[in-house]
Amino acid sequence: MGDDSPRIIACIPAYGEENTIAKIILKTKKYVDEVIVCDDGSQDMTAEIAEALGATVIRHERNMGYGAALRTLFLEARKRTPDVMVTLDADDQHDPDEITRLAKVILEHEADVVIGSRYLGRSNIPRWRSFGVKLITWLTRKTTKLPGLTDAQSGFRAYSKKAIQLITPEDSDMGASIDILHQAKKHQLKIVEVPITINYHNKSSTQNPVKHAAKVITRIIQLVVEEKPLKYLGTPGLTLILMGTFSGTQLILLFNKTRYFSIPLAIITLGTLLTGLLLIITAIILHMLNTILERTETRKLMSQKVSMSLK
């Protein structure tokens, strides 16, 4: 690509993909300025093949998970400040020939995050996998307020320079794709989907689909609770304290009337009061931490804007 052309890099998380990594890199190099592969502790020749084909390879000494590989790639991209960063899988599910389609949306300033949706294009997705993806996408739509989202789990995405600076996946596993959407929404980044073709084969996703879905759904719940702890922890905690107060009152009234101390009722009272108190304390701590983090991020963004204006 010429010196005046926008700089596009491709970031590929890979684990044990020696059979497909060469094909992906060779096709990807036609559309980008640099290919960066994060080898997530592979025990095969994935890293060696990628290096031999001219890709920049960052190695994890041990397998840390898809999200950890994505985080490493985001941090590497941040150092390079490209105009567009494209992520795609190394297992030959995604077609590198469609990189231009995703990058074009970023380069035309129509979005900060572009998701390649398998439901807008052609795919041979198995029904059992489709059910899991649709369930996760539905939960993500509800929690992120992205009503038009069709594919929350797609790994074929493009990011603007602004998005690269603001997004850092936190979950080390498959929940990272949800992390990215929550952070994009939090920073008011524009998200757009484009159709892609996807090819499933026997090698596609070695992780148990039920385990995969459970991890992602758990991450969604965790993000919701972390974002609004007073609502999702404080309210149940207050409810439990009220229940404990009621059962405690009944325990005292029963004892005053009959001199019978109900151990089951005492256990219920103690359990609900302690659990409710724990939930409220946790909610307050999380709320305080969120407030501190938001203030820190605001100051960081303001300092970045000031430094950019001085250049």
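The values are calculated or read from the model by the stated rules, or taken from the named source; none is laboratory data. Note that the coordinates shown come from a computational prediction; the quantities given were computed from them, not determined experimentally. Positions of Cβ are generated from backbone atoms using ideal geometry, with glycine treated the same way; all protein chains shown enter the neighbour counts. Heads up: the accessible areas ignore ligands, DNA and RNA and are worked out on the full protein's heavy atoms, side chains in. Shrake-Rupley method; radii C 1.70, N 1.55, O 1.52, S 1.80 Å.
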Margin query: Could you tell me the calculated FRET efficiency between Arg80 and Leu277, based on Cβ-Cβ distance and R0 = 35 angstrom, to the nearest 0.05?
Written below: 0.10
Next item on the list: Go ahead and set up a Gaussian network model of the chain, Cα springs under 10 Å, then flag whichever of Ser247, Ser123, Ser160 fluctuates most.
Entry: Ser247
Check: In degrees, nearest 10, range 0 to 90: what is the angle between the Cα axis of helix 176-186 and the longest Cα principal axis of the chain?
Finding: 80
Check: How much accessible surface does Thr245 have with a 1.4 Å probe, in Å² rounded to 10?
Finding: 70
Next item on the list: Would you pull out the residues with amide H under 5 Å of Ile198's amide H, same chain only if 5 or more places away, H placed 1.01 Å from N?
Entry: Arg122, Ser123, Asn124
Notebook entry, point to check: Could you give the dipole magnitude of the stretch 75-231 about its Cα centre, charging the beta-carbon of Lys and Arg +1 and that of Asp and Glu -1, in debye to the nearest 20?
Noted result: 540
Margin query: Under the rule of at least 5 residues apart or a separate chain, name every residue whose amide H is placed under 5 Å from the amide H of Glu193.
Written below: Ile115
Next item on the list: Enter the angle in degrees (range 0 to 90, nearest 10) between the Cα long axis of helix 235-258 and the first principal axis of the Cα atoms of the chain, meaning the one along which they spread out most.
Entry: 20
Check: Where does helix 209-227 land angle-wise versus the long Cα axis of the chain, in degrees 0 to 90, nearest 10?
Finding: 70
Note to self: Tell me whether the chain comes out rounded, prolate or oblate; compute the Cα gyration tensor, take square roots of the eigenvalues as a ≥ b ≥ c, and use a/c under 1.5 as the rounded threshold.
What the structure shows: prolate
Next item on the list: Determine the percent antiparallel among the DSSP beta bridges restricted to the chain, to the nearest 5.
Entry: 30
Checklist line | Other-chain or far-sequence residues with amide H under 5 Å of Cys11's (modelled H) | finding: Ile36, Val86, Thr87, Leu88
Item checked: Reachable lysines, given that their alpha-carbon falls under 18 Å from the alpha-carbon of Lys142 and they are not under 8 places away in the same chain -> Lys134, Lys185, Lys186, Lys190, Lys215, Lys228, Lys231
Item checked: Total formal charge among the other residues, if their Cβ is under 11 angstrom from that of Ile164, Lys/Arg +1 and Asp/Glu -1 -> +2
Margin query: Explain nothing, just the number: dipole magnitude of the chain about its Cα centre with +1 on each Lys and Arg Cβ and -1 on each Asp and Glu Cβ, in debye rounded to the nearest 20.
Written below: 1420
Item checked: Estimated FRET transfer efficiency (Ala214, Ser130; beta-carbon r; R0 22 Å; 0.05) -> 0.80
Margin query: Given the DSSP H assignment, sum -39500 (n - 2.57) over each helix run of at least 4 residues in the chain and divide by its residue total; what's the result at 222 nm in deg cm²/dmol, nearest 500?
Written below: -17500 deg cm²/dmol
